[in-house]
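Read the structure below first, then the notes.
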There are 2 protein chains.
Amino acid sequence: MERITARYYIETPFEVERAAAVLAGEQSSGTFVAVPGETEELKQRFAARIETINHLETVSEPAIPGAKASSGKYNRAEVEVSWSVENFGYNLPAMVSTLQGNLYEITQFTGLKLMDLEVPPSFGDHFKGPRFGIAGCRKLTGVQDRPLIGTIIKPSIGLTPQQTADMVKVLAEAGIDFIKDDELLVSSANSSFEERLEAVMRVINIHADKTGKRVMYAINISDEVDTMLRRYEKVVASGNTCAMVSINSVGLSGVKKVCDQGELAIHGHRNGWGMLNRHPLLGIEFPAYQKIWRLAGVDQLHVNGIQNKFWESDDSVVRSIEACLKPMLGGYSILPVVSSGQWGGQAPETYRRTQTTDLLYMAGGGIMAHPDGPAGGVVALNQAWEAAVAGLSVEAAAQRYPEFGNSVKKFGSN
Amino acid sequence: MERITARYYIETPFEVERAAAVLAGEQSSGTFVAVPGETEELKQRFAARIETINHLETVSEPAIPGAKASSGKYNRAEVEVSWSVENFGYNLPAMVSTLQGNLYEITQFTGLKLMDLEVPPSFGDHFKGPRFGIAGCRKLTGVQDRPLIGTIIKPSIGLTPQQTADMVKVLAEAGIDFIKDDELLVSSANSSFEERLEAVMRVINIHADKTGKRVMYAINISDEVDTMLRRYEKVVASGNTCAMVSINSVGLSGVKKVCDQGELAIHGHRNGWGMLNRHPLLGIEFPAYQKIWRLAGVDQLHVNGIQNKFWESDDSVVRSIEACLKPMLGGYSILPVVSSGQWGGQAPETYRRTQTTDLLYMAGGGIMAHPDGPAGGVVALNQAWEAAVAGLSVEAAAQRYPEFGNSVKKFGSN
């Protein structure tokens, strides 16, 4: 029988083997006293199985509150646990409850993080995954052989639909590939979803008719299920190719329902992610996280960016990009979305470390506040990527390309 | 204009005032360079506002990774921030993205936890909240003036529908009020949802016809939206009064869609909660968390239990019960679900500290493995609560009540 495997980074004041057995018990048949009906046969069929244990360092302070070590020592390890597909079938919320449920409450752990997970081939028959992915998003935007260049409408909240549309017009004429709402804006008192969609799509449709280039607009539909589906239909009818959802806030079932409509590329915003990931020994790592959302069908997923304005390290960002680009179930392509404090100066390092242009590369102020105006900003970002692929340093690129050179002058000291 | 207020416990290597300003900026208009269109007027209308700052202790080690303190000092504080309802209207996922979104990524914090939130009265006009709550669940089960007594079918996974139904028969005849699936079981290879519902409800319906007492069965419907709704209809048609959802795994939009059907009491299982809460300076505290789910319409919510088998302290459990029992928007009643290692011995302390019987009190092995059989287990739990309300100690109750006395002998040393 096929099995789902999860890899955890754990810390425990007990023997690692014993703590892992508690986890496996709690997440399959376990209870605190023996009860009738719990036969050896059903235990074996449905029991979680500890596959491997890899002992790591020992520390003297617990990472998070839990049982106290009488020895004063806390043991760390990587532990692989597996479950039969028979336990929950093809049910993503049930899979999450099994891999990421009550186990975080177990007192025997003073640290527990889900590092990665593996699903068996039959998942590929049951989950369609991203309908567009990298190739689909490239086709929808007409962009090949370089990253999609995108931006976020700023200020995050406060502009009227007409102000937003005016900004979109400037950006479209500047040659941008992709524009998104901020995650804080869905429908505000001065920018209703419907009016914003209409105003922005009027601009995008006219620009597409005139130039043949259709800007992808990730308009934020995040809300209750029925409202999202109503908005989704309006987005399709408007001629737009994309919708955005705040995946953690909407949740797995709601996001999957949106993805299952299949007519729009779904931009997955991961706001709230820091809560799930920022502690080194609590929560979930991105390689596991992105697989769940690929199974749900998200086409584009945020990965932060090199030298970002947030807390995350470059190493972690690089790992996230690599995780997205690794095929899953023979495909399930998802486009990594690079953002946060990006202005093009990070392109050489991003390319050096990831060797890919399969990215949606987003800059906010880096475009809108470019000394030569937004058009200069978009040109500068494309130059940055041309230079990156050619192996130029930021300094060499600044000398070769005037617009990128102006970016370096304005943003380079940030 | 009405405002939504959030209270955060923060830690920062910078001046608290400066870090709070970064949070307020990031979660409303903010970007890293000034852009056209960002007028003072719109800033004031949509800007997050810092309401109060309460300085707390200073520590020398950061709680979670973030910016380094050049002074070697990390300042802690409680900070209240507010947003106008104009920013996101009556959209729970957008509220969550605003209160719990990218702010967890801000490098200026080395700790950030959402402690509580307040929504304005107009939320009461837009969200129906729990359709049943405490009074509704009491009416559905016919239980007044004492906690509802419940149990979880164990082993968590592995029993066939017929074995489950046989166990339900024993429990119903023992006088139980409430029975739930384990969160790990939705539809397994040997217990499909439909067959289990049918087998269990046959028992429950016969028992109700015979005795007038209808056991509430929280059958786990957690899955994709359409599947949950299909199952929900089957649950209603079966004569059952309740369905269970794993709220974190299904997510906010999916859970609200289920609650909005309005025909069943919704049992909210919080598995995964430890990931959101276990670190003292990361994530969300229960007083904030339970309000979000009350707005979504959940009728019953897990709060762990006194002297539980997990990591959580009794103080935290007491605070959670109190949070659930505090009226919200003049009502929004939600029934706290006490569980984890409970066998009745914790009833006196639970009552002493909370002074309430408005609880769903669940014991697993404490009922099924009772020396006098499950009927003795249910009797013992009712005795435990009678004794608790009368102010008896565990020892005094054990002397007065034979079945509870037998519980103490078997489980008291655990």
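The values are calculated or read from the model by the stated rules, or taken from the named source; none is laboratory data. Fair warning: this is a prediction, and the values are worked out from it, not measured in the lab. Here the Cβ positions follow ideal geometry from the backbone for every residue, glycine too, while neighbour counts run over all protein chains shown.
Numerical summary
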{"read-out": "Residue in the range A:114-122 that is at the interface with chain B (Cβ under 10 Å from one of its Cβ atoms) and of a type outside the set (Ser, Thr, Tyr) present", "value": "yes"}
{"read-out": "Residue selected from the range B:364-392 under the condition in contact with a His (Cβ under 9 Å, 6 or more places away or on another chain) and either small (Gly, Ala, Ser) or part of a loop (DSSP other than H, G, I, E, B) (or both), by the criterion surrounded by the fewest Cβ atoms within 10 Å (Cβ to Cβ)", "value": "B:Gly376"}
{"read-out": "Test set (1) in contact with a His (Cβ under 9 Å, 6 or more places away or on another chain); (2) in a helix (DSSP H, G or I) - B:Gly274 fails condition number", "value": "(1)"}
{"read-out": "Identity of the residue in the range B:315-340, small (Gly, Ala, Ser) and either in contact with a strand residue (DSSP E or B) (Cβ under 9 Å, 6 or more places away or on another chain) or in a helix (DSSP H, G or I) (or both), that ends up modelled with the lowest pLDDT", "value": "B:Ser340"}
{"read-out": "A:Ser188, sole failed condition from (1) surrounded by 23 or more Cβ atoms within 10 Å (Cβ to Cβ); (2) polar (S, T, N, Q); (3) farther than 25 Å from A:Asn304 by Cβ; (4) at pLDDT below 95", "value": "(4)"}
{"read-out": "The one condition in (1) within 14 Å of chain B (Cβ to nearest Cβ); (2) farther than 30 Å from A:His126 by Cβ that A:Val85 fails to fulfil", "value": "(2)"}
{"read-out": "Scope the range A:295-311; condition within 24 Å of A:Tyr9 (Cα to Cα), more than 8 Å from every other protein chain (Cβ to nearest Cβ) and either surrounded by fewer than 24 Cβ atoms within 10 Å (Cβ to Cβ) or out of contact with any Cys (no Cβ under 9 Å at 6 or more places or on another chain) (or both); matching residues", "value": "A:Leu295, A:His302"}
{"read-out": "Single match in B:Gly142, B:Gly89, B:Gly150 (criterion: in the same structural domain as B:Phe178 (by TED's automatic domain parsing) and either within 17 Å of B:Ala296 (Cα to Cα) or buried (at least 23 other Cβ atoms within 10 Å of the Cβ) (or both))", "value": "B:Gly150"}
{"read-out": "Helices (runs of 4 or more DSSP H) contained entirely in the range B:1-100, each with at least 2 residues that are acidic (Asp, Glu)", "value": "B:16-26, B:40-46"}
{"read-out": "Options B:Ile4, B:Ile106: the member that is within 9 Å of chain A (Cβ to nearest Cβ), crowded, with 17+ Cβ neighbours inside 10 Å, touching a strand residue (DSSP E or B) at 6+ places or on another chain (Cβ under 8 Å) and in contact (Cβ under 8 Å) with a residue 24 or more places away in the chain", "value": "B:Ile106"}
{"read-out": "Filter pass, B:Val96 being under 30 Å from A:Ser191 (Cα atoms) and facing another protein chain (nearest Cβ under 9 Å)", "value": "yes"}
{"read-out": "Residue list for the range A:233-249, filter: more than 10 Å from every other protein chain (Cβ to nearest Cβ) and under 25 Å from B:Leu99 (Cα atoms)", "value": "A:Ala243, A:Met244"}
{"read-out": "Selection from the range A:263-278 of residues that are out of contact with any Pro (no Cβ under 9 Å at 6 or more places or on another chain) and away from every other protein chain (no Cβ under 14 Å)", "value": "A:Glu263, A:Leu264"}
{"read-out": "Per-region count, the range A:348-368, residues more than 14 Å from chain B (Cβ to nearest Cβ) and touching a residue at least 60 places away in the same chain (Cβ under 8 Å)", "value": "5"}
{"read-out": "Sole residue being outside any helix (DSSP H, G or I) and closer than 14 Å to A:Gly150 by Cβ, chosen from A:His267, A:His279", "value": "A:His267"}
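Let's see how each residue does on (1) of a type outside the set (Gly, Ala, Ser); (2) facing another protein chain (nearest Cβ under 10 Å):
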residue	(1), (2)
A:Lys139	yes, no
A:Ile153	yes, yes
A:Ser156	no, yes
A:Asp166	yes, yes
A:Glu183	yes, yes
A:Asn190	yes, yes
A:Glu198	yes, no
A:Ala208	no, no
A:Lys213	yes, no
